[in-house]
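The values are calculated or read from the model by the stated rules, or taken from the named source; none is laboratory data. As the structure is a computational prediction, the values presented were derived from the model and not from experiment. Note: ideal-geometry Cβ built from the backbone for every residue, glycine included; neighbour counts use all protein chains shown.
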Amino acid sequence: MKSLFTGGDGEARQVFLRNARQLVEAGGFAGYEIVRYEEGIESTRPFAHRYANAEIQLVRSHIFPAL
């Protein structure tokens, strides 16, 4: 097995969290729940690259349903 160094460790999760917060704020939701999150390295030629796939569920407020 070859060791791949592609850089960007942890960057995909930071981008994911930032985008999830933007969706919550733009849609007027109270928050979100992470349903599925997958991160890995696709080792194609000539270069390997990182990928991340995620699914979230946007949540309305239970205390203040109008929010």
Of everything in region 29-54, what is modelled with pLDDT under 85 and among the basic types (Lys, Arg)? Give them in sequence order. Arg45, Arg50
Consider only pairs whose beta carbons are under 9 Å apart and that are at least six residues apart or on different chains; among these, list those whose first residue lies in region 1-28 and is at pLDDT below 85 and whose second residue is of a type in the set (Val, Ile, Thr) and surrounded by 12 or more Cβ atoms within 10 Å (Cβ to Cβ). Leu4/Ile41; Thr6/Ile41
Please indicate, with yes or no, whether at least one residue in region 41-57 is within 17 Å of Gly10 (Cα to Cα), out of contact with any Cys (no Cβ under 8 Å at 6 or more places or on another chain), assigned to a strand (DSSP E or B) and charged (D, E, K, R). yes
